[in-house]
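Participant: Take this structure, written in structure tokens, and hold onto it; I'll ask about it next.
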Amino acid sequence: MKATADDKKLTTRQADFSAWYNELVLRSELADYSPVRGCMVIRPNGYGIWERMQRALDAMFKASGHENAYFPLFIPQSFMSKEAEHVEGFAPELAVVTHGGGKELEEPLVVRPTSETIIYSMYAKWVQSYRDLPIKINQWANVVRWEMRTRLFLRTMEFLWQEGHTAHETAEEAQEETLKILALYKEFAENELAMPVVDGQKSESEKFAGASRTYSIEALMGDGRALQAGTSHNLGQNFAKAFEIQFQGRDKNLQHAWTTSWGVSTRLIGGVIMTHGDDSGLILPPRVAPYQVVIVPIPRGNWQETVLPRAREIQQALTAQGVRVMLDDRDAYTPGWKFAEWELRGVPVRLEIGPKDIEKSQVVLARRDTREKASASMDGLVAHVTNLLDEIQRSLFARALKYREEHTTRVSSYDEFKSVMEGRPGFVIAGWCGGEACEAEIKAETQATLRNIPFGSEKSGGTCVKCGKPAIGEPWFAKAY
């Protein structure tokens, strides 16, 4: 661990949010730039957060009847052209291998940008009858998309994600699956990441290339920009027809399957940083923090014989109850330096213990989210700490939700829309006629994109903020990452 806490302070979020973000990712050792342009190295601090996300999501997937598998990184280039919208949507982002083993390949291979094509080529082999359905598979993998403008975690040429792919007997089952996964993503974002999200359907121009319908969860970052935090796609029969996923139905007729795909990625780490972080560094929700508690012994007197053994006992007691604990017993750094360092890294609770605390049979607990410090008795300390971690998790969600509510505006006129959209205001709710022309003009004139159309908003009535025609719903617009 390098001496980052004594370096100059982070750029403040108000002064330059982008600079603050980049400095924080690097100085908290979440990630670093790699020798390959546009790619990143995820360091142990960052990967520890991703591991927590993985474990929570993986358990949710398995509880809902999905299994993990793995499919090749390389995809025959001809596969990408089988579904017309899909190839058009991804063509600019493809990385293509033309040589291998010193020879030119008979057919170029695409480095996986997403796996619909290769997975559905296998489903076509595996599905013969309605009895073979549904297939509900998820894979944890890396993907490559040739991005021109990159930012650590938020948009890199290679990133980590999970991608689920399912095949179903009926259109109704596929739609049910699509919405079930979207609800699962919302539950995960709000319960594990303490990140409030709005769930709804994407517009036709914003849907996934090759999908019939795309749904998303959208979060609001600390600078008023939106972040797409997860997507779930109903692919209809588009890919099933392209890859001939056919089965004999219950009526003995040959039918095409109905498929879905869905995914979230390491950009969620960026979302956690920008949702909760402050000018002193990260603030990590306890459920995904690699370390939930850091114990800092106060080195006075013969502390190594008195304080340190007690600190180790506390560490063992907390660890036995499933709390992830770091005991920072390094004597080369002062307690003040350690306080700043662990604040930068976002550990939810700091536990301080010195000779006077032992005399009083207490410790001092400091919350990262509020900076509040309070003494706590050593009796019942484990229960107190676990309750405190739960309280911090709830508090972070409540604070983020309050921020979103304060930065969400409903407008009724286009002049008001444009006025509110100046700067980085947050979400703006407005009626929309469903026309792509109005959506495109809004984007060109305000830089705001239609994030999604929340469920139930189609009942709101009203008129389009741009053209005045009857509205099909009230989408949430925002400037976005």
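The values are calculated or read from the model by the stated rules, or taken from the named source; none is laboratory data. What you see is a predicted model, and the numbers here were worked out from it, not measured in a lab. Every residue, glycine as well, gets a Cβ built from its backbone with ideal geometry; the counts of neighbours run over all protein chains shown. Accessible surface areas use protein heavy atoms only, side chains included; no ligands, DNA or RNA. Shrake-Rupley method; radii C 1.70, N 1.55, O 1.52, S 1.80 Å.
Participant: Please go through segment 448-464 and give me each residue that is surrounded by 14 or more Cβ atoms within 10 Å (Cβ to Cβ) and either free of Cβ contacts under 8 Å to residues at least 40 places away in the same chain or over 31 Å from the mean Cα position of the chain (by Cα) (or both), ordered by number.
Facilitator: Across segment 448-464, the qualifying residues are A448, E458, S460, G462, T463, C464.
Participant: Looking at A444, A376, which is the one that is at pLDDT 95 or above and open to solvent by less than 60 Å² (accessible area, probe 1.4 Å)?
Facilitator: A376
Participant: Here's another thing I want to ask about it. L152: surrounded by fewer than 19 Cβ atoms within 10 Å (Cβ to Cβ) and either closer than 27 Å to P454 by Cβ or among the hydrophobic types (A, V, I, L, M, F, W, C) (or both), yes or no?
Facilitator: Here the answer is no, as L152 does not meet what is asked.
Participant: Being charged (D, E, K, R) and over 26 Å from the mean Cα position of the chain (by Cα) narrows it down to one residue among E163, E158, E51, E106; which is it?
Facilitator: E106
Participant: Check V296, V363 and return the single one that is over 30 Å from K8 (Cβ atoms), modelled with pLDDT of 95 or more and touching a helix residue (DSSP H, G or I) at 6+ places or on another chain (Cβ under 6 Å).
Facilitator: Exactly one residue qualifies, and that residue is V363.
Participant: For residues that are in contact with a Phe, Trp or Tyr (Cβ under 8 Å, 6 or more places away or on another chain) and not β-branched (V, I, T), scanning just segment 465-481, find the one that is most open to solvent (accessible area, probe 1.4 Å).
Facilitator: K466
Participant: (1) modelled with pLDDT under 95; (2) on the phi > 0 side of the Ramachandran plot: which one isn't true of G322, the others all being true?
Facilitator: (1)
Participant: Pick from segment 84-100 the residues that are under 26 Å from the mean Cα position of the chain (by Cα) and of a type in the set (A, V, I, L, M): which of them is least open to solvent (accessible area, probe 1.4 Å)?
Facilitator: Ranking the qualifying residues of segment 84-100, first place goes to A95.
Participant: Oh, and also: Can you go through V127, V110, V144 and tell me which one is touching an Asp or Glu at 6+ places or on another chain (Cβ under 7 Å), of a type outside the set (G, A, S) and under 25 Å from S212 (Cα atoms)?
Facilitator: V144
Participant: For D132, state whether it is surrounded by fewer than 17 Cβ atoms within 10 Å (Cβ to Cβ) and among the acidic types (D, E).
Facilitator: Taking the combined requirement at face value, the residue satisfies it.
Participant: Look at segment 202-241 and say how many of its residues are farther than 21 Å from A448 by Cβ, in contact with a Phe, Trp or Tyr (Cβ under 8 Å, 6 or more places away or on another chain), modelled with pLDDT of 95 or more and surrounded by fewer than 22 Cβ atoms within 10 Å (Cβ to Cβ).
Facilitator: 2
Participant: Considering (1) surrounded by fewer than 16 Cβ atoms within 10 Å (Cβ to Cβ); (2) in contact with a helix residue (DSSP H, G or I) (Cβ under 7 Å, 6 or more places away or on another chain), say which one R410 fails and leave the rest.
Facilitator: (2)
Participant: Are there strands (runs of 3 or more DSSP E) fully within segment 275-362 with at least 1 residues that are among the basic types (K, R) and crowded, with 16+ Cβ neighbours inside 10 Å? List them.
Facilitator: Strands (runs of 3 or more DSSP E) meeting the threshold: 349-353.
Participant: Name the one entry in L57, L109 that is crowded, with 18+ Cβ neighbours inside 10 Å, in contact with a Pro (Cβ under 7 Å, 6 or more places away or on another chain) and not polar (S, T, N, Q).
Facilitator: Going through L57, L109 in turn, the sole match is L109.
Participant: Continuing with the same structure: Given the options L73, L24, L57, name the one that is touching a residue at least 40 places away in the same chain (Cβ under 8 Å) and touching a Phe, Trp or Tyr at 6+ places or on another chain (Cβ under 9 Å).
Facilitator: Of L73, L24, L57, the one residue that is touching a residue at least 40 places away in the same chain (Cβ under 8 Å) and touching a Phe, Trp or Tyr at 6+ places or on another chain (Cβ under 9 Å) is L57.
Participant: Is it fair to say G346 is closer than 27 Å to I273 by Cα, under 32 Å from the mean Cα position of the chain (by Cα) and of a type outside the set (S, T, Y)?
Facilitator: Yes, satisfied.
Participant: Report, by residue number, each residue of segment 60-83 that is part of a helix (DSSP H, G or I) and open to solvent by less than 70 Å² (accessible area, probe 1.4 Å).
Facilitator: Answer for segment 60-83, where residues must be part of a helix (DSSP H, G or I) and open to solvent by less than 70 Å² (accessible area, probe 1.4 Å): M60, F61, S78, F79, M80.
Participant: I'd like to verify a number: residues in segment 425-441 that are open to solvent by 20 Å² or more (accessible area, probe 1.4 Å) and at pLDDT 95 or above, how many?
Facilitator: So the answer is 7.
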